[in-house]
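Q: Sharing a structure, written as structure tokens. Questions coming.
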Amino acid sequence: MQFAELVQTYEKLAGTSKRLEMRKTLSELIRALRVEELPEVLYLSQGLLRPEYEGVELGVADSLARRALAQVSGVAEETVRRHVKESGDLGLTAEELLRSHPRSGGSTAGSVPEVYHVLREIAEASGDGSQERKIELLASLLGRAEPTEAKYIVRFVLGTLRLGVREMTILDALADAFAEGNKEGRKRIEAAFNVSSDLGVVAQTLARKGLDGLEEIRLTVGRPVRPMLAERAASLEDLLTRMEGKAAFEYKYDGLRLQAHLPEHGEPVLFSRRLERVSAQFPELLRELPKAIRRRPAIVEGECVSVDLDSGELQPFQEISRRRGRKYDLERMEEEVPVRFFLFDVLLDGDEEVMREDFPARRARLEKLVHPSGSDRVALATQQVADSAAAATQFFDQAIADGCEGVMGKSIAPGSSYRAGARGFWWIKYKREYTQALADTIDGVVVGAFAGRGRRAGRWGALLMAVYNPDADRFESFCKVGSGFDDETLAALPKRLNEFEVPAAPAEVLTGLVPDQWMRPSIVLELRGAELSLSPIHRAAVDAVRPGAGLALRFPRFTGKWRDDKKASDATTSAELLGLYRSQVRQSAPAEEAESPAG
Ligand code: ATP
């Protein structure tokens, strides 16, 4: 096809905002193309050179395009600038200037493949002298283009094509062209797109092999799969009812979703939820994933969370968000914001495509695939199958206490395959809406310590903290804290604590955790945290809100203050903690009601 013909279609598309009309115009275009031209034209029409996930950019700024246009039309750059000020669109300016300044030799930009080739060359020019090279290429293209062609070329290189041609409309048009517009066919086409994320591949396969040919589109390492999405539930009971009484519950980590593609040899590729390549942002995962995943090629999915490697505590979302989109200081950020990648699904296991297997089978594969001690940066998502609201609630409480934002209920029924790009009740999210940060600090008593790892090896990495219950005269645990200690404090901890070490759990301490070292309750530290939640492990104010559940402080952090002026029995009491919890619940009443229908 000649580029001039494509431009005529673009004029039609630009002249309508009606989806039906667009769909018709596009399907006519698709029918008129040769098979080899299909991918290029579909990308170009969306303002792209390659499928979106490849992130290919032209790197052409306004100033560069202005210079190329000035060169071609023989007017001063200042004239071009003035013209754009009036027209508001460099594309229109190009059209008008070329019309009023006819060039010798100007005829047509050529065929679609010819134009596409030059555009790719523009995108690929990089390094020293690349700006000049880009101008030269663009000028040569504009130099032989008709004015209308020039308008679209300029808009394309500047990323302002905006024909309104979206993926869904292209899928409709493909269904019209290759499946007589029938609904079933449309579904199959969309499914193929969800697996390949590449309209070019889908269109070419359709043109060559018809609808049945789509089945042959394979999962390919380096080509992302559109993520399966979750529905919501009003309560855990509601969630279970939708799952026919039984589901796999997983921690819902509050981080960044990543899809990791591991080729048989070489570095993994990481994709974000939006299918952008984000590999460079997580160099440690590129190093560690191959150690943790036993079989390759593989495509796995999970949530990447910031974590305190010593205590294992998950950090709030704000931490990992510091690493998102970062291009500089990558090494420093790797140190400052360590991450752990919690895997929750597998799509490709060796050469086996496993998306169509039911979830329990995929989970079993994932458990085999992940080497338990392969890397401390890669772990399995915590999971538990539950068939009662009580069990689900307990798991939910634990998830919250461990720093997650809720749980994901996942169907384990026949048919629970991985549904790329679809949102449905096969996955149901249930989260505790975030309440405001705890207004007050809490003075907690050290009752135990956990050995440090990594940078904290040979020292204490985290402390088990309790509040005081004067009625029962005992110390009830409410968190494990590892954050907020600077290096000096950490180094001084063993000396400071050793005189309180005791060989067994002191009778006056109540907790569901077993630390590496028990401590006689003596030392008081001031802590801050995000909020209080219910926990099946901690025992502060146990039974007061719900049978079996105590209170836990989420995201605890040492403020740096040693309350040497306080004895253990002067610490915050369980009753005070309960008061804080209740005031927090009142502020977020609807969320809390939804969270604990059992009361
Ligand atoms: P959505 O992804 O549903 O459009 P969203 O981006 O706002 O919505 P959430 O509502 O927080 O995300 O919930 C879904 C997300 O939860 C998933 O996309 C994934 O990133 C994350 N997640 C955390 N833990 C899990 C898990 N165990 N299984 C699946 N997803 C998980």
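Q: Could you please give the count of residues in the range 26-54 that are over 26 Å from residue 124 (Cα atoms) and surrounded by fewer than 19 Cβ atoms within 10 Å (Cβ to Cβ)?
A: 3
Q: May I pose another question? Looking at (1) within 16 Å of the ligand (Cβ to nearest atom); (2) assigned to a strand (DSSP E or B); (3) of a type in the set (Gly, Ala, Ser), find the lone condition where residue 416 falls short.
A: Failed condition: (2).
Q: Here is a check on your reading of the model: is residue 173 at pLDDT 95 or above and out of contact with any strand residue (DSSP E or B) (no Cβ under 7 Å at 6 or more places or on another chain)?
A: So residue 173 passes the test.
Q: On to the next question. Just checking, how many residues over the range 380-401 are farther than 11 Å from residue 536 by Cα and within 12 Å of the ligand (Cβ to nearest atom)?
A: Adding up the residues that qualify gives 5.
Q: Among the residues of the range 291-316, write down those that are closer than 18 Å to residue 227 by Cβ and within 16 Å of the ligand (Cβ to nearest atom). Can you show your working first?
A: Applying the first criterion (closer than 18 Å to residue 227 by Cβ) to the range 291-316 yields 298-305.
Correct list: 299, 300, 301, 302, 303, 304, 305.
Q: Among the residues of the range 209-259, what is the count of those that are surrounded by fewer than 21 Cβ atoms within 10 Å (Cβ to Cβ), within 21 Å of residue 50 (Cα to Cα), of a type in the set (A, V, I, L, M) and in contact (Cβ under 8 Å) with a residue 40 or more places away in the chain?
A: Summing the residues that are surrounded by fewer than 21 Cβ atoms within 10 Å (Cβ to Cβ), within 21 Å of residue 50 (Cα to Cα), of a type in the set (A, V, I, L, M) and in contact (Cβ under 8 Å) with a residue 40 or more places away in the chain in the range 209-259 gives 2.
Q: Within the range 349-364, is there a residue that is within 14 Å of the ligand (Cβ to nearest atom) and under 14 Å from the mean Cα position of the chain (by Cα)?
A: Keep residues of the range 349-364 that are within 14 Å of the ligand (Cβ to nearest atom), which gives 359, 362-363.
Those left that are additionally under 14 Å from the mean Cα position of the chain (by Cα): none.
No, the conditions are met nowhere in the range 349-364.
Q: Looking at the range 318-357 only, could you name the residues that are more than 21 Å from residue 277 (Cβ to Cβ) and surrounded by fewer than 18 Cβ atoms within 10 Å (Cβ to Cβ)?
A: 318, 332, 335, 336, 350, 351, 352, 353, 356
Q: Would a scan of the range 103-121 turn up a residue that is closer than 16 Å to residue 64 by Cα, assigned to a helix (DSSP H, G or I) and touching a Lys or Arg at 6+ places or on another chain (Cβ under 8 Å)?
A: No: the range 103-121 contains no residue that is closer than 16 Å to residue 64 by Cα, assigned to a helix (DSSP H, G or I) and touching a Lys or Arg at 6+ places or on another chain (Cβ under 8 Å).
Q: Confirm whether residue 485 is closer than 26 Å to residue 440 by Cα and not in a strand (DSSP E or B).
A: Details: closer than 26 Å to residue 440 by Cα: yes; not in a strand (DSSP E or B): yes.
So residue 485 fits the description; yes.
Q: So which of 275, 270 ends up being within 13 Å of the ligand (Cβ to nearest atom) and closer than 18 Å to residue 54 by Cα?
A: Numbers: 270 fails: within 13 Å of the ligand (Cβ to nearest atom).
After applying the criteria, what remains is 275.
Q: Which condition does residue 267 not pass, out of (1) at pLDDT 95 or above; (2) surrounded by 22 or more Cβ atoms within 10 Å (Cβ to Cβ), if it passes all the others?
A: So residue 267 meets the others, but not (2).
Q: May I pose another question? With respect to residue 450, determine if the residue is within 13 Å of the ligand (Cβ to nearest atom), more than 30 Å from residue 224 (Cβ to Cβ) and surrounded by 20 or more Cβ atoms within 10 Å (Cβ to Cβ).
A: Criteria not met by residue 450.
Q: Taking the stated definitions as given, is residue 530 in contact with a helix residue (DSSP H, G or I) (Cβ under 7 Å, 6 or more places away or on another chain), under 26 Å from residue 253 (Cα atoms) and small (Gly, Ala, Ser)?
A: Judged against the criteria, residue 530 is not a match.
Q: Is it the case that the range 211-225 has a residue that's out of contact with any helix residue (DSSP H, G or I) (no Cβ under 6 Å at 6 or more places or on another chain), within 16 Å of the ligand (Cβ to nearest atom) and in a helix (DSSP H, G or I)?
A: no
The values are calculated or read from the model by the stated rules, or taken from the named source; none is laboratory data. This is a predicted model, so every value here is computed, not measured. Positions of Cβ are backbone-derived with ideal geometry, glycine not excepted, and every protein chain shown enters the neighbour counts.
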